[in-house]
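The values are calculated or read from the model by the stated rules, or taken from the named source; none is laboratory data. Fair warning: this is a prediction, and the values are worked out from it, not measured in the lab. All Cβ positions, glycine included, derive from the backbone under ideal geometry; neighbour counts span all protein chains shown.
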Amino acid sequence: MTAESEAIRVQYPWLARLAVVGIGIMAVGCLVAPDRLWPNLLLGAYYVLTLALGGAVFVALTDVSGAGWHVAFRRVPEALARLLPLASLLLAIVLLLGMGRYGWPHDGDHVPGTFRFKELWLTPTFWAARTVGYLVFWMWLARSITARSAAQDQPGSTAETAANVRLSALFLAIYAVTFSLASIDWIMALEPLWFSTMWGVYHFAGMFQSTLAVVILLALAWRQDHGPLAGIFRDDHLHDLGRLLLGFSCFWMYIWFCQYMLIWYSNLPEETSYFITRTHGPWGPVVIASVVLNWLLPFFLLLPKPAKRSAGAMARIAVLVLIGRWVDLYVMIFPATLTATDAQGVVHALPPTFGIWEAATLLGLATATAFCLSRTFLARPPVPRSDPFLREPSLAPCNSGSLP
C-alpha cells in the first residue's frame, strides 16, 4: 500500500461512523415518520444516481470529442461512474417503496386524448419495467466504458481507446433519451397533471453542473498532503473545470428561465399550477435560494480568472453548487409529496421544513457516498499511464494561462 493510499484510507473510519449514524436515524424515520422520510430518500437516492451517471457522461463526452486535457484526473469521474450499481440499487428500493405515489389519478373511468396516454404511461407494471430498463442499460454501458478504460493500463492496449469512442457514442445516444424519460417517470410523475417539455434538459443541466462540482472537490482533496493526484491535478486542470462549471451554471439558469417563461406565458391551469405552488407563500424564498446558489453566486464568483485557479475559492464554489442542487431537487419533490387537505377538500403543499430527517438523510448518504468513492478510486491506479492522450499536455500545463 502506498503512502498516498494510506493517507486516504485513514479517512474511512470517520466516514463510516458518520454514515452509520445517519443511516441509523433514517432507519428510525422509516418506522416513526415514513411519509416524511420517503421524499428525503427519493431526493438523496436520485441525487447520488445523477452524480454517478454524470461521471459516466463526463467520460463518454470526452471520449467522443477526442479530448486529452482531462486524462490526468479521468479516474475521478470514472470512480463516480462505478458507483452506478449501488446508486441504482438504492433508487430502485426507494421507488419500490413509493410506487403508490406514482400513477394516474382517476376514478376508474377512462379518459380521452393526452390524459388517456398518461394513464397508460403511468401503469405500474409499465412504469416499473421502464425503471429497470433505464438502470440496467446505464449500468451495463458505464461498466463497459470504465472496464475498457482500465484495460488501457496494459502497455500496447491502444485499441481499447478506439473501442471506447464507439461505446461512448452508443451510451450517449441511449442516455439522451432514457434520462429524459427517467426524470419524467421519477420526478415529474409525482404531479401527473402537470407537464413540461423542458424537463429532461433541465435535469441534465443540474446533473452535469453538480457532477463538475464533485469532480472539483474530489480532485482537490486527492491532491492534498501528497495524495494520489499530487503534482498531477494542476491549476490548469482546475481552471478548465472552473470554466466548465461557469458555463453550465449559466446553462442551468437559461433552461430554468426558459421553462418558467414558457409556462408563465401560456397561462394554462394545467401548466402554471407547478409554479403557482412554488413561487407563492413560504416556498417563494426557497425558489429564490435555488437560483442564487445554482447561478447567481457561481456566475459572479467564477468570473475572475484568479478564482478559477484558486483551490480554496473553487472548493467553496463547488460546495455552494452542491447545496444549490439539493435545494433545486427539494423544490421539485417536496411540494408534491408533503401535502395536506384543507376544510374545503383542496390539497395544498405543506410549508418547507428542514429537520432531523432531512439532516440525517444528508449526513448518511453524503458520507456513505464519500466512503464508497474513496474505496472505488483507490481500487485502480490514479492515472491511466498508458493512455495515448497522455502524450498531450495533460500532466504538463494546459497553456490556458492567458485565458479568462
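General observations
- Entry remark, segment 18-64: residues being in a helix (DSSP H, G or I), of a type outside the set (Val, Ile, Thr) and more than 30 Å from residue 201 (Cβ to Cβ) number 13 in total.
- Matching residues in segment 116-147 - criterion: being exposed (fewer than 15 other Cβ atoms within 10 Å of the Cβ), part of a helix (DSSP H, G or I) and not aromatic (Phe, Trp, Tyr): 116, 120, 124, 125, 129, 132, 133, 136, 147
- Residue satisfying all of: in segment 326-383; among the polar types (S, T, N, Q) and not in a loop (DSSP other than H, G, I, E, B); modelled with the lowest pLDDT among these: 341
To keep it simple, each residue is scored yes or no on (1) under 19 Å from the mean Cα position of the chain (by Cα); (2) surrounded by fewer than 19 Cβ atoms within 10 Å (Cβ to Cβ); (3) without any contact (Cβ under 8 Å) to a residue 24 or more places away in the chain.
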| position | (1), (2), (3) |
| --- | --- |
| 213 | yes, no, no |
| 218 | yes, no, no |
| 222 | no, no, no |
| 231 | no, yes, yes |
| 237 | no, no, no |
| 246 | yes, no, no |
| 260 | no, yes, yes |
| 263 | no, no, no |
| 270 | no, yes, no |
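- Checking each residue in segment 304-326 for being over 17 Å from residue 221 (Cβ atoms) and exposed (fewer than 12 other Cβ atoms within 10 Å of the Cβ) picks out only 306.
- Put simply, of 329, 297, 301 the only residue that is more than 15 Å from residue 47 (Cα to Cα) and either surrounded by fewer than 17 Cβ atoms within 10 Å (Cβ to Cβ) or within 21 Å of the chain's Cα centre (by Cα) (or both) is 297.
- Set side by side, the residues 17, 36 differ, and just one is farther than 24 Å from residue 381 by Cβ, among the charged types (D, E, K, R) and out of contact with any helix residue (DSSP H, G or I) (no Cβ under 7 Å at 6 or more places or on another chain), which is 17.
- Failed condition for residue 22, given (1) closer than 30 Å to residue 224 by Cα; (2) in contact with a Phe, Trp or Tyr (Cβ under 8 Å, 6 or more places away or on another chain); (3) at pLDDT 80 or above: (2)
- Some residue of segment 86-98 being at positive phi and in contact (Cβ under 8 Å) with a residue 60 or more places away in the chain: no
- Within segment 173-184, considering residues that are out of contact with any helix residue (DSSP H, G or I) (no Cβ under 6 Å at 6 or more places or on another chain) and of a type outside the set (A, V, I, L, M), the one nearest to residue 56 (Cα to Cα): 175
- All positions within segment 179-211 that are surrounded by fewer than 19 Cβ atoms within 10 Å (Cβ to Cβ), of a type in the set (Ser, Thr, Tyr) and in a helix (DSSP H, G or I): 180
- Taking segment 329-352 as the range and being under 10 Å from residue 283 (Cα atoms) and of a type in the set (Val, Ile, Thr) as the test, only 331 passes.
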